[in-house]
1. P(r) of segment 1-69 in 5 Å steps, Cα pairs, percent per bin?
2. Where in segment 30-61 does the label zone of residue 13 land, with the point 7 angstrom along Cα→C-beta and an amide N cut-off under 16 Å?
3. May I ask you to compute the full-extension gain from residue 41 to residue 56, defined as 0.36 nm times their residue separation minus their alpha-carbon distance, rounded to one decimal in nm?
Ligand code: FES
């Protein structure tokens, strides 16, 4: 099995939802302070602006009409 720590960080735009960040990364607030992710290697960041737990997604987007319009010109490595 491949060493998970050597894999690149991936950022996935979830359709009509958050950005999913997966891998070994640090998440910083606007002042540069690091969020304590308690070892989490996957986080969902809100991009609808409705989460009550910014910058994280709390699934509030599901109760809104938020629709993502991003569509890559070329998709590679989609899972
Ligand atoms: S994307 Fe989920 S609450 Fe904003």
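1. That works out to 3, 16, 22, 24, 17, 11, 5, 2, 0, in percent per bin.
2. Within reach of a label on residue 13, which here means backbone N under 16 Å from a point 7 Å along Cα→Cβ, segment 30-61 contributes 45-49.
3. Numbers: separation 15, 0.36 × 15 = 5.40 nm, distance 1.37 nm.
Taking residue 41 through residue 56 to full extension adds about 4.0 nm, to one decimal.
Every read-out reported here was derived from the displayed coordinates using simple, explicitly stated rules and does not represent laboratory data. Keep in mind that this is a model prediction, so the values were computed, not measured. Cβ atoms come from the backbone with ideal geometry, glycine included; neighbour counts cover every protein chain shown.
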